[in-house]
Amino acid sequence: MMSYEAMASKRISRARFEALTFSTQPFVWVFAEVVEWYSDQDENVLGILLLDRHDHDWGYVILGRDERSLFRGIDTKVSMPDVESARKALHLRLSFYVITGEKVFPQGDEHLRKKFELFSRAVREEALNPNFLFLSDSNGYSSAKELIAEIAYSFVDPDGNYIQQFQTNGFDARLWELFLYALFHENDFLIDRRFAAPDYLCVKFDLNIFIEAVTVNPTQGGDSFPVTPETEPDPAKLADYAAIKFGSALFSKLEKKYWELDHVKNHQLVFAIADFHAPQSMLWTHMALAEYLYGMRSRKVITTAGTTVEEVSITEHAYGNKIIPSGFFQQPYSENISAVLFSNSGTISKFHRMGKIAGFGDQSVKMFRTGKRYDHGEGIIEPTDFSFEINEGVKETWSEGVSIFHNPNAKTPLPEESFPLVAHHFIENGRMVSHLPEFFPLVSVTHIFSADHSSPVP
């Protein structure tokens, strides 16, 4: 018969625990390995079993929500001889908190910052962004909404206008910032937002990496490259158009000369860019970024021996009456930029999937992901199709689909090991060399099926 102590708690997935605990600091994992994750039945308190990496004994940590809804440590015990005794002790302690009925555990510093409630309406109804309204009110978006709300509890807003912009005209840019926050947390950075610029200081041991979030936004007048399911655009023209869009956004940030700031000098500086200039533009502009950064274009060469890819130098990108030089990393002052981080999946669909996997939202909502991934097979140059249903058995990370393009001329290079889970791209002997994870999606669409919403989301 199961004991009351065991009945008072339940096993939860690692994904669920990590989605609830963005408030935790990363460095504890250096000293201990987390092997099991628990909560009470209502998830008012969480518990983890730890194996000490040095002493090889066992312990637990219990976390409860403070007055800002952040899960923080409230109880711990160490130096237990084996996993069974540690597990029993954890169940007993979780049952104690259930019996007390406590749901909030003040830590005495809540007055320093008020609760960050991203979905509490901050503007009048008519000013709300349609995407925000879908996210806020649609049942099909419930997994993303609940996950975003949870992450936001620990998010620091140094400017004080994040909520207002997220709900209105800055929805995409603010969502990109939140995605980056989750990405940095997953890669075990201590995230510091005390400086007005750049947006993030990411700290890992002796590394201080400054990261500025960049978005490609709609052009005044709403013009965009004419891409529809019925058209077959010229690849070179599309690439040049997209490169100009990326170039405009990156060059505007370059002109700010963040590297001259005292706190940035002699540290890595990274631009983190995403494309939101047109609906679903991230599905067709992503290949142009590497071309623009390195001033190199890949093209297929078909011979009797088979199909290969060669890279040719390009000097400019022209579309309409606009011409810009190619090779961002060759431009004046760009040597101060360590790398450019990019993802075409830092969109609402990522939060849909990660929320679904972590058990948030209406679990009757069905999600399917389709797309193209890199094929590691020898001699294969074309991507491979993939398709699967999103459920709690699927594994996905915030790092999946993220690329870092390293500047070959950087004064302060970015160590590859600082972001161990993402794809890294370099120039070696005049060619681009990529270090890719086993599963690396190039593009994907998430299909959502619910009673009130059924549509693909990039």
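Values in this text are rule-based calculations from the coordinates and carry no lab data. Values in this document were obtained by computation on a predicted structure and should not be read as measured data. Reconstructed Cβ throughout: ideal geometry from the backbone, glycine too, with neighbour counts over all protein chains shown.
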Exercise. When you count, for each residue, the other Cβ atoms within 10 Å and take the mean per peptide, how do 47-55, 149-157 rank with the highest first?
Worked result: 149-157, 47-55
Problem set entry | Helix-only mean residue ellipticity at 222 nm for the chain, each DSSP H run of n ≥ 4 adding -39500 (n - 2.57), per residue, nearest 500 | -7500 deg cm²/dmol
Seminar exercise, completed: For the chain the mean separation of alpha carbon contacts under 8 Å (6+ apart) over residue count, i.e. relative contact order in percent, is 13
For this session: State whether segment 80-133 is rounded, prolate or oblate according to the following rule on the C-alpha gyration tensor (a ≥ b ≥ c being the square roots of its eigenvalues): a/c under 1.5 gives rounded; otherwise a/b larger than b/c gives prolate, and the remaining case gives oblate.
Result: prolate
Seminar exercise, completed: So the angle from the long Cα axis of helix 235-254 to the longest Cα principal axis of the chain, reported in degrees to the nearest 10, equals 60
Exercise. What ranking do R68, R124 get, fewest neighbouring Cβ atoms within 10 angstrom at the top?
Worked result: R124, R68
Seminar exercise, completed: By Cβ neighbour count within 10 Å, fewest first, R194, R121 rank R194, R121
For this session: Calculate how steeply helix 83-100 sits against the longest principal axis of the alpha-carbon atoms of the chain, using the helix alpha-carbon long axis, and give the answer as 0 to 90 degrees to the nearest 10.
Result: 80
Seminar exercise, completed: quick note, the chain, DSSP beta bridge pairs, % antiparallel (nearest 5) is 85
Problem set entry | Computed lengthening from S79 to F449, 0.36 nm per intervening residue step minus Cα-Cα distance | 128.3 nm
Seminar exercise, completed: The summed charge of the S281 Cβ neighbourhood (under 10 Å; Lys/Arg +1, Asp/Glu -1) stands at 0
Exercise. At I323 and E438, where each label point lies 7 Å from the Cα along Cα→Cβ, what is the point-to-point distance in nanometres?
Worked result: 4.9
Problem set entry | Per principal axis, descending, Cα span of segment 4-100 in whole Å | 34, 31, 21
Exercise. Among M367, M80, which comes first, then next, by fewest other beta-carbon atoms within 10 Å?
Worked result: M80, M367
Exercise. How large is the charge dipole for segment 311-425, taken about the Cα centre, if only the Cβ atoms of Lys, Arg (+1) and Asp, Glu (-1) carry charge, to the nearest 20 debye?
Worked result: 420
Exercise. With axes computed from alpha carbons, what is the tilt in degrees of helix 171-186 against the longest principal axis of the chain, rounded to the nearest 10 within 0 to 90?
Worked result: 60
Exercise. Which lysines have a Cα lying under 22 Å from the Cα of K322, excluding residues fewer than 8 positions away in the same chain?
Worked result: K237, K245, K253
For this session: Largest first and in whole Å, give the semi-axes of the chain's equivalent ellipsoid, each being the square root of 5 times a Cα gyration tensor eigenvalue.
Result: 40, 25, 24
Exercise. For segment 4-100, with only Lys/Arg (+1) and Asp/Glu (-1) charged at the beta-carbon, what is the dipole magnitude about the Cα centre, in debye rounded to 20?
Worked result: 200
Exercise. Applying the Karplus parametrisation 6.51 cos²θ - 1.76 cosθ + 1.60 with θ = phi - 60° to the phi angles of segment 361-378, what ³J(HN,Hα) value in whole Hz is obtained for each residue in order, glycine and proline being reported as x?
Worked result: x, 6, 6, 6, 5, 9, 10, 10, 10, 10, x, 10, 10, 5, 9, 7, x, 4
Seminar exercise, completed: Taking a crude spin-label model, label points 7 Å out from Cα along the C-beta direction, the D262 to H376 distance in nm is 4.8
For this session: Taking the Cα centre of the chain as origin, sum charge times position over the Cβ atoms of Lys and Arg (+1) and Asp and Glu (-1), and report the length of that vector in debye to the nearest 20.
Result: 400
